[in-house]
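Comments concern the structure below.
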Amino acid sequence: MQFVNLLTRSLNALHWRVHAFYFYLFHRWRLKSFGKGSCIVPPYWFTPENLRIGKKVIIQRACRIEAVRRYNSINFSPSIEFCDGVTIQQNLHLTCATKIYIGENTAVAANVTITDINHPYTDITIAVEHADIESKPVRIGRDCKIYNNSVILPGVTIGNHVVIGANSIVTNDIPDYCVAVGAPAKIIKKYDFGSKKWVRT
């Protein structure tokens, strides 16, 4: 059993090294920056010219990471940054026209949406998808956990050491050391440094 566990760990390590080497070989030169030990597992869909990836960043399969540089007649200057140690599970849907920043060691679970883009419904004579878009930057701090099926909407800032519960829709800022859940997400616990305990709000 010990031999099997050792073999499994060795094969997993080799698997990640192969993916990392493949990505580095074929895509490194296209990205703004790409740190050592990072990889994106195929299949994927991304716009590398506006993407910065730190060290030891792991992005699992079937992720869409899209920088929108032009929509209708409006030009944008998008910036997407994943800092050191960020992990992204499968099926991330990320669209950015201004800036999306994810801090060090933050973990994003499966089927999460992060966007700084809004399609306002102001002109009812045209389809919503054909209208001009609005964009407000999104920032997610370090050491956070974003659980499955959550949605992070434009203009949101999430602090450091924050947990976003599964199926939550984050519409407003969440400060440091909080747990937020729901649609829209509300803070249910906050860490109290005086008592050194999590306190329900």
Within the stretch 30-41, is even one residue in a strand (DSSP E or B), hydroxyl-bearing (Ser, Thr, Tyr) and modelled with pLDDT of 90 or more?
no
From the residues in the stretch 93-128 that are polar (S, T, N, Q) and assigned to a strand (DSSP E or B), which one is modelled with the lowest pLDDT?
118
Positions within the stretch 42-76 being aromatic (Phe, Trp, Tyr) and either farther than 22 Å from residue 146 by Cα or at pLDDT 95 or above (or both), in sequence order
71, 76
Could you go through the stretch 77-84 and let me know if any residue there is surrounded by fewer than 19 Cβ atoms within 10 Å (Cβ to Cβ), assigned to a strand (DSSP E or B), within 17 Å of the chain's Cα centre (by Cα) and at pLDDT below 90.
no
Considering residues of the stretch 42-76 that are free of Cβ contacts under 8 Å to residues at least 24 places away in the same chain and in a strand (DSSP E or B) only, the residue farthest from residue 118 (Cα to Cα)
44
Does residue 100 qualify as being surrounded by 19 or more Cβ atoms within 10 Å (Cβ to Cβ) and farther than 21 Å from residue 188 by Cβ?
yes
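The values are calculated or read from the model by the stated rules, or taken from the named source; none is laboratory data. Remember, predicted model here, so these are calculated numbers, not experimental data. Here the Cβ is made from the backbone with ideal geometry for all residues, glycine too, and neighbour counts use every protein chain on show.
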